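Enquirer: Just passing along the structure, written as structure tokens.
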Amino acid sequence: MSVDAILFWILTLVVLVSAMSVILMTNPIYSALCLAMTMVGVAAIFVTLNAYFLAGVQLIVYAGAVMVLFVMVLMLFDLKHELQSFSRGKFTGALKIGSVGILAGLIVGAVTIGKSLTEVKAVAENAVVVDTTKILSQNLFLKNIFGFEALGVLLLVIAVGTVALSRSKGGTHARD
Amino acid sequence: MTSMGTSSFEITVNIIKTLAVFLMMVQAVPILVWLERRGSAFIQNRFGPNRVGPLGLVQLLADAVKFLHKEDFVPDKANRFLFYAAPVFALIPASIAYMAIPMSTPLILGESRFLIQGFEINVGIVFILGISSLAAYTILMAGWGSGSKFSLMGAMRASAQIISYELALGLSIVGVIMTYGTFNLTDMITAQMGALNFSGFGYTTTISWLPNWGIFYQPVAAVIFFAAAFAESNRLPFDLAEGEAELVAGFHTEYGGFKMLMFFIGEYGHMMIAAGLMTTFFFGGYLIPYITPDDVYQFGLNNFGSETAAHIFNSAVHFLMYNVKFALFLWIFIHVRWTLPRFRYDQLMDLGWKTMLPWALGNTIVTSIVIFSAAYFSISFPPAVEDVLKQIFKYFTRT
Amino acid sequence: MPLGGIIFITVFIAVFGVILIYLARAIGGVAKRTSKAKMEIYECGIEEIEKKDTKVSVKFYLTAILFILFDIEIIFMYPWAVNFRDFIASGSGAFVFISMMIFLAIFIYGLWWEIKSKALEWD
Amino acid sequence: MLETSFLNNIGLEHYLVLSAVLFSLGMAGVLLRRNLIVLMMSIELMLNAINISFVAFSKFNNNPEGQVMVFFVMTIAAAEAAVGLALAVSIFKRFKEVNIRFFEHLKG
């Protein structure tokens, strides 16, 4: 097996095992730490797809910011003693797992059948490892500039909204 | 993708090299601790450790042996897994991020080319920022895993401080990236070669008695970056994570012995990353001022004869130069720690959010405006004014 | 990017750390003589106070949320900064510059609002 | 022979299957778990799965739009996490409870 293939399988294993742990761990703090591990694994998978800058952003934004916030909130409120972490009912549980399995099977089946039906362009196979950062940047700032500005406004709205939410009556920072 | 080398020789050398960089980093920590203790003693007019060995240098070894003989202790309330995992995890982000910093010119042995750094990454800065932002988990794991409220409070304070200053740190780098136009640290260093020259507005000025270092382009960014790096590595004057008066010792209250030492390695590792990045961004990295690597190589070729020897000489000299600059910044870290008092927590947060963030933002805007207008507009002065300016410039550009 | 090397050294460091801890355990030994007072967490010598919920200021979490939002805005500037000279060289400099200034204006307004509304006030 | 090429030649479909499995795990988390914050983490998992397929398509079709989309998705996800956690914390402050079973009583 080539080194690339070995890396892919190792990363797949890491990502899937830690993602599995996220939903199976009863202690939410362990779940959050496992999810952080998944994020790091996904960043590594981005690297195997030559998306270096996105891998860095994944580390900074997801692993370094969003998951830290999750872990902080869980630790602040110390939700260690969780009485009922999974939903009750064997029948509904089986139904839910079954539906999830069917969904996964459908997608996997579609992908495999689609592979035999269409020929994926083998561009990336022989393409040299290009610096995708510059291409990403050009695409972002020349073609998708409206979305970019809209996200700026969205972030502003969210920043104002969270503060207002925590200030509202019964919020965390309510001014009594 | 797996650019660890093409032949088995290269791969072996690269693996040994990465291990060597890591061990070098771990080895540097006792020396830094010794330097810190001797330095603080010097500043406070005391002796410091001076009994064991010459200048007390063997004191570190004695400390390590003592740490090994401490009994292993876990409080009853602690979460055993996280309590043990946190110190191990403390080593990882700091050392991996440090490995991305280039420390010398590439060493060329025959066909093979070896970089004197752990691994070359073409999005170097983003990688380092991303990896070192994982350090917040160490603190949270240790603080919560100890099961003590002092630890938890210390962890909360430390992580809130780290993430607040990460903003100023990340924003101050934007100006640097704009100046060099790359994420790659090696490219940044090569861009700083030669004499300082400004070009723009239709003029080009060369000041031959100054090296082309980033500090002359981005002085504000350098100050903000260095100050934020202090906060990132939890050093005084920002070591609010361990205010003795209110928090006993911060997130590692319950730790002792070797596990404590591992937190130390992580903390000093962040200090080393900051010093290394400071060198790379603003002070020319491994480059020697006024001399290009080619000059050094020619000098080696003339004196040692063989090309291999010249290449080794080239790398060794630049490695030395890097370490001189690096050690200077580490010393500034230590000096500041023993000369400045600690901030209060609200002052710390105000400084991060209300002072450093706006300044970094201003730096970004000014840099972009200057770069933009330097490329688009050219200024023409009346002949009389231009003569005066030329006289002033002649004063600066004299050799 | 030498992903294999990074994974290798990560695993190596983890193993190294675990070995160090085991070594310290083997040489120093596990705490044998235990008592209730010894195994208690450290509280400056007074007896441990059992409390249902530790009061930690929620300020920390508000800071973390604002950090995320501003962090993303800063990340957005990175691809712009790295390519700014190329944009100027290719003639689209003015467009990109102005659109980034609009973005920065939004950023500054957000920061100003947070400071004005005392969301970043610590007491 | 077939099996070795399946293991060896990592192509688009490998990433897509990985993404699909990851998405299903996230969905299972949303359906099965009762903790509000774990639910939000499962949603993050699903968004990450989608990101993988975006980047994979972007690489194998040589189209950078996919990476730009990932950028946007990450932003939205972070914003969603910020608001969601703000709400969760508000709820926890008021009711001392994060189990969604509890909120079934809120209706009517």
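None of the figures in this text is laboratory data; all of them are computed from the coordinates on show. Quantities reported herein were computed from a predicted structural model and do not represent experimental measurements. Every residue, glycine as well, gets a Cβ built from its backbone with ideal geometry; the counts of neighbours run over all protein chains shown.
Enquirer: How big is Rg to Rh over the protein assembly as shown, alpha-carbon atoms, Rh as the Kirkwood inverse-mean-distance radius?
Expert: My calculation puts Rg/Rh at 0.97.
Enquirer: Going 7 Å from the Cα of B:D187 in the Cα-to-Cβ direction, what parts of the stretch C:86-105 have a backbone nitrogen less than 13 Å from that spot?
Expert: Backbone N within reach: C:86-87.
Enquirer: Around B:S208, which amide H atoms from residues at least 5 apart in sequence, or from another chain, sit under 5 Å from its own amide H, with H modelled in the peptide plane?
Expert: Excluding prolines and chain starts, which carry no amide H, there are no hits.
Enquirer: Please give me, ordered by residue number, the GluC sites (Glu not before Pro) of the stretch B:61-170 that lie in loop per DSSP and have at most 14 other Cβ atoms within 10 Å.
Expert: For GluC sites (Glu not before Pro) across the stretch B:61-170 that sit outside H, G, I, E and B with at most 14 neighbouring Cβ atoms in 10 Å, the list reads B:E111.
Enquirer: If you average 1/r over every pair of different alpha-carbon atoms in the stretch D:34-108 and take one over that average, what Kirkwood value in Å do you get?
Expert: Result for the stretch D:34-108, one decimal place: 14.2 Å.
Enquirer: Can you tell me, using C-alpha contacts under 8 Å and at least 6 residues apart, the relative contact order of chain B as a whole percent?
Expert: 22 percent
Enquirer: Additional query: Are there trypsin sites (Lys or Arg not before Pro) in the stretch B:1-66 that DSSP marks as loop and that have at most 13 other Cβ atoms within 10 Å, and which are they?
Expert: Counting only loop positions with at most 13 other Cβ atoms within 10 Å, the trypsin sites (Lys or Arg not before Pro) in the stretch B:1-66 are B:R46, B:R51.
Enquirer: With an 8 Å cut-off on Cα pairs and a minimum separation of 6 or more residues, tell me the relative contact order of the stretch B:88-221 in percent.
Expert: Rounded, it is 18 percent for the stretch B:88-221.
Enquirer: Calculate for chain B the 222 nm mean residue ellipticity that helices alone would give, adding -39,500 (n - 2.57) per DSSP H run of length 4 or more and normalising by residue count, nearest 500 deg cm²/dmol.
Expert: Using -39500 (n - 2.57) per qualifying helix, the result is -21000 deg cm²/dmol.
Enquirer: Still on this structure, I have one more. For peptide B:63-73, what's the mean number of Cβ atoms from other chains within 10 Å of each residue's Cβ?
Expert: 4
Enquirer: What's the average, rounded to a whole number, of partner chain beta-carbon atoms within 10 Å of each residue's beta-carbon in B:114-124?
Expert: Counting Cβ atoms of other protein chains within 10 Å of each residue's Cβ and averaging gives 4.
Enquirer: Ok, one more. Any idea how far the Cα center of the stretch C:101-118 sits from the one of the stretch A:1-61, in Å?
Expert: One Cα centre to the other: 34 Å.
Enquirer: If you don't mind, another one. Could you tell me, in Å, what Rg and Dmax come out for the Cα atoms of the stretch B:99-257?
Expert: So, for the stretch B:99-257, Rg and Dmax equal 20.3, 64 Å respectively.
Enquirer: Sticking with this structure for a sec: Shielding of B:363-372 by partners, i.e. mean partner chain Cβ atoms within 10 Å per residue?
Expert: Other-chain Cβ atoms within 10 Å of each residue's Cβ, averaged: 4.
Enquirer: Angle between the Cα long axis of helix B:257-282 and the longest principal axis of chain B, 0 to 90 degrees, nearest 10?
Expert: The answer is roughly 10 degrees.
Enquirer: Turning to a different aspect of this structure: With an 8 Å Cα cut-off and a minimum separation of 6 or more residues, compute the relative contact order for chain D in percent.
Expert: Normalised by residue count, the contact order of chain D is 26 percent.
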